[in-house]
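**Q** Encoded as structure tokens, here's the structure I'll be asking about.
The values are calculated or read from the model by the stated rules, or taken from the named source; none is laboratory data. Because the structure is predicted, anything quoted here is derived from the model rather than measured. Neighbour counts run over all protein chains shown; Cβ positions are idealised from the backbone, glycine included. Keep in mind that these areas ignore ligands, DNA and RNA; they rest on the heavy atoms of the full protein, side chains included. Shrake-Rupley method; radii C 1.70, N 1.55, O 1.52, S 1.80 Å.
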Amino acid sequence: MGFADQRFNVNLSILFTELPLLERPAAAAAAGFTAVELWWPWTETPTPERSELDALKKAIEDAGVRLTGLNFYAGQLPGPDRGALSVPGAESERFRANIDVAIAFAQSLGCTTFNALYGNRVDGADPAEQDALALENLTLAARAAARVGGTILIEALNRPESPKCPIVSAPKAIEIVDKVNEATGLGNAKFLMDLYHLSMNGEDLPSVIERYAAKTGHVQIADNPGRGAPGTGSLPLEELLDQLRKAGYDGWVGLEYKAGDRPSAESFGWLPREARAAR
């Protein structure tokens, strides 16, 4: 086993960002990849103009790559925000307005996997009220996704980089997953296991995999320290992905790392070109 046995996609919101958004799908294809994922690209609005949606759809189709994952609207990301769905007021309303838009756009490209970032704690807001709002919004999103056979993902971030986010451990993310599934009865909420974030939290990664692989709907990787490409830090990513495969996970592995000072296309030397196209 090893990297060559995985199904990788490229996150176009953190890689190829030296290029305009509409040029990134073709750049990923030129690097040998056939699948991509995205954070919500329009950070200012949950409901962009139809022309903008159509232009991105065309860029993905023209590149011949498959969209395999999309974030719901999450505020300023990258930036100070870590999601919108637990934030009272306008941000929560933006999340709700985005649900059907994001699902329709993704479905038009054959994508049915949606990352629902929880959001930060807000000064002056009751954490219990934020959590109740989050569950309400996640339930809405899960039910909407279920209508297209879709899955919503709950991601654990890391405390050093996201100190205001309450979802900063695998057990906490799993707790939210279970609450959403209990509320809907649909079972389409899953864990997004980001090995970089979990390692930044100091979690025992082999144990996390052993305990939660069955509830995992997506995996993302970057090395640590530095959030760079595999091999730039000290995480045994090849071994961890092998363990995930042996535990039954056969889904996508998102490349959500920083290329550093070099062009993104030069950051894939760790992965033979013949292993980049999804099988």
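**Q** Order 36, 148 by their accessible area, 1.4 angstrom probe, all chains in place, largest first. Mind showing how you got there, number by number?
**A** Numbers: 36 0, 148 35 Å².
Correct descending sequence by accessible area is 148, 36.
**Q** Taking a temperature of 25 °C and a viscosity of 0.890 mPa s, what whole-number D in µm²/s does Stokes-Einstein yield for region 120-207 with Rh from Kirkwood over alpha carbon pairs?
**A** Working: Rh = 13.7 Å.
The estimated diffusion coefficient comes to 179 µm²/s.
**Q** Translational D (Stokes-Einstein, µm²/s) of region 148-192 at 25 °C and 0.890 mPa s when Rh comes from the Kirkwood sum over C-alpha pairs?
**A** Working: Rh = 11.0 Å.
The calculation lands on 223 µm²/s.
**Q** Return the long-range amide H neighbours of residue 233 (sequence gap of 5 or more, or a different chain), with a cut-off of under 5 Å between placed amide H atoms.
**A** 224
**Q** Over all Cα pairs of region 134-279, how is the pair count split among 5 Å bins, expressed in % and running from 0 up to the last occupied bin?
**A** 2, 9, 18, 20, 19, 15, 10, 5, 1, 0
**Q** Continuing with the same structure: Could you let me know the centre-to-centre spacing of region 85-159 and region 1-66, using Cα atoms, in angstrom?
**A** 21 Å
**Q** Here's something else I'd like to know. Can you send over the carbon and sulfur percentage of the accessible area for the chain, probe radius 1.4 Å, protein chains only?
**A** Working: 5620 of 11400 Å².
Roughly 49 percent, rounded to a whole number.
**Q** Whole number in Å², please: accessible area per residue of the chain, 1.4 Å probe, ligands, DNA and RNA not counted. Show your work: numbers first, answer last.
**A** Numbers: 11400 Å² over 279 residues.
On a per-residue basis, the chain sits at 41 Å².
**Q** Here's a follow-up. Provide the percentage of antiparallel DSSP beta bridges, counting only those with both residues in the chain; round to the nearest 5.
**A** Values: 1 of 27 bridges.
Counting only bridges with both partners in the chain, antiparallel ones make up about 5 percent.
**Q** Taking the full set of protein chains and a 1.4 angstrom probe, give the accessible area of residue 249 in square angstrom, rounded to the nearest 10.
**A** Per-residue accessible area (residue 249): approximately 20 Å².
**Q** Taking amide H atoms as placed 1.01 Å from N in the peptide plane, list the residues 5 or more away in sequence, or in a different chain, whose amide H sits under 5 Å from that of residue 34.
**A** Result for residue 34 returns 278.
**Q** Continuing with the same structure: Using each residue's phi in region 190-204, evaluate 6.51 cos²θ - 1.76 cosθ + 1.60 at θ = phi - 60° and report the 3J(HN,Hα) Karplus result to the nearest Hz, with x for Gly and Pro.
**A** For region 190-204, the Karplus-derived couplings read 9, 8, 9, 8, 9, 5, 5, 4, 5, 5, 5, 7, x, 6, 7 Hz, x marking Gly and Pro.
**Q** Something else about it: Quote the accessible area belonging to residue 17 in square angstrom, nearest 10, computed with a 1.4 Å probe and with ligands, DNA and RNA left uncounted.
**A** Per-residue accessible area (residue 17): approximately 70 Å².
**Q** So for 57, 258, what's the accessible-area order with a 1.4 Å probe, most first?
**A** Working: 57 50, 258 110 Å².
Listed by decreasing accessible area, they come as 258, 57.
**Q** Just to verify a number: what accessible area does residue 143 come out at with the full protein assembly present, 1.4 Å probe, Å² rounded to tens?
**A** About 110 Å², rounded to the nearest 10.
**Q** Taking a temperature of 25 °C and a viscosity of 0.890 mPa s, what whole-number D in µm²/s does Stokes-Einstein yield for region 67-137 with Rh from Kirkwood over alpha carbon pairs?
**A** 197 µm²/s
**Q** Kirkwood hydrodynamic radius, computed over distinct alpha-carbon pairs, for region 1-56: how many Å, to one decimal?
**A** 12.7 Å
**Q** How large is the helix-only mean residue ellipticity at 222 nm for the chain, computed as the sum of -39500 (n - 2.57) over DSSP H runs with n ≥ 4, divided by its residue count, in deg cm²/dmol to the nearest 500? Could you put the intermediate results ahead of the total?
**A** Working: 8 runs with 98 residues, N = 279.
Result for the chain, helices only: -11000 deg cm²/dmol.
**Q** Report the Cα-based extents of region 40-177 along its three principal axes, largest first, to the nearest Å.
**A** 45, 27, 26
**Q** A further question on this structure: Can you list residues whose amide H is under 5 Å from residue 165's amide H, if they're 5+ apart or on another chain and H is modeled 1.01 Å from N?
**A** The answer is 121.
**Q** Using a Förster radius of 41 Å, what is the FRET efficiency between residue 50 and residue 211 based on their Cβ-Cβ separation? Nearest 0.05, please.
**A** So the FRET efficiency works out to roughly 0.40.
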